[in-house]
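The values are calculated or read from the model by the stated rules, or taken from the named source; none is laboratory data. The shown structure was predicted, so the numbers you read here are calculated from the model rather than taken from an experiment. In this analysis, Cβ positions are derived from the backbone assuming ideal geometry, glycine residues included, and neighbour counts consider all displayed protein chains.
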Amino acid sequence: MNALNKIPVLGFCAHSSGIGKTTLLTQLIPALISKGLRISVIKHAHHDFDIDHEGKDSYRLRQTGAVQMMIGSKKRWALMTELAHTPNHSNEPNLAHLLAQMDTNLTDLILAEGFKHEAIPKIEVHRSAFGTPLLATDDNNIIAIATDSPLPISIPQIDLNDIHAIAAFINTWLKNEH
């Protein structure tokens with residue numbers, strides 16, 4: 001449990017980018033929703049990113065130096081916080097800080113993509129063609145590996161291409177967490 005100790009958090013990690021964490025999550029989220037779960041996601045970005053675009057009013061207002069800029073409509077709202085404009089800002093907020101920003105009344109499970117060094121339960125995404133070492137050999141927080149080929153390791157392995165098997169594993173994990 002996390003997110004202020006109310007909502008379970010499950011990480012998805014890989015040795016490096018480009019292995020398919022986001023692709024897996026885009027397939028997995030609808031499968032989890034079909035089981036009646038409300039899903040939220042926190043994604044770690046290793047690079048500068050922007051959800052706002054040059055020329056938009058919200059972008060222009062944020063560029064003036066606003067520490068926070070919120071935009072809302074009847075379909076969604078988004079809050080941007082410019083850490084560079086805050087005293088004593090860190091280069092990257094940790095997962096605990098980001099989880100504290102989530103509305104725990106809206107979700108049953110938070111999926112955290114990336115954050116491979118955080119001490120949360122995680123599923124490692126592994127593709128044999130990449131030839132990367134397993135994180136699970138050094139990380140006791142990895143509860144399973146979603147892989148495209150069998151691996152010589154004793155933790156549970158789930159077929160990376162079987163979304164329903166991964167969703168079933170997560171459902172079982174959730175039931176054991178409560």
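Values for this structure:
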item: Among residues of region 50-77, those that are under 30 Å from L174 (Cβ atoms) and at pLDDT below 80, counted; result: 1
item: Residue match in region 118-139 (condition: of a type in the set (S, T, N, Q) and within 19 Å of the chain's Cα centre (by Cα)); result: no
item: When residues of region 131-160 are limited to those that are without any contact (Cβ under 8 Å) to a residue 60 or more places away in the chain and out of contact with any strand residue (DSSP E or B) (no Cβ under 9 Å at 6 or more places or on another chain), the one nearest to V9 (Cα to Cα); result: N140
item: Selection from region 39-67 of residues that are hydrophobic (A, V, I, L, M, F, W, C) and not in a helix (DSSP H, G or I); result: I39, V41, I42, A45, F49, I51, A66, V67
item: Qualifying residue in region 79-87 (condition: crowded, with 17+ Cβ neighbours inside 10 Å and at pLDDT 90 or above); result: no
item: Residue match in region 134-141 (condition: over 30 Å from K175 (Cβ atoms), charged (D, E, K, R) and surrounded by fewer than 13 Cβ atoms within 10 Å (Cβ to Cβ)); result: no
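Each row is one residue, and each column tells you yes or no for (1) among the polar types (S, T, N, Q); (2) assigned to a loop (DSSP other than H, G, I, E, B); (3) modelled with pLDDT under 95.
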residue	(1), (2), (3)
G11	no, no, no
S16	yes, yes, yes
L28	no, no, no
I33	no, no, no
L37	no, yes, no
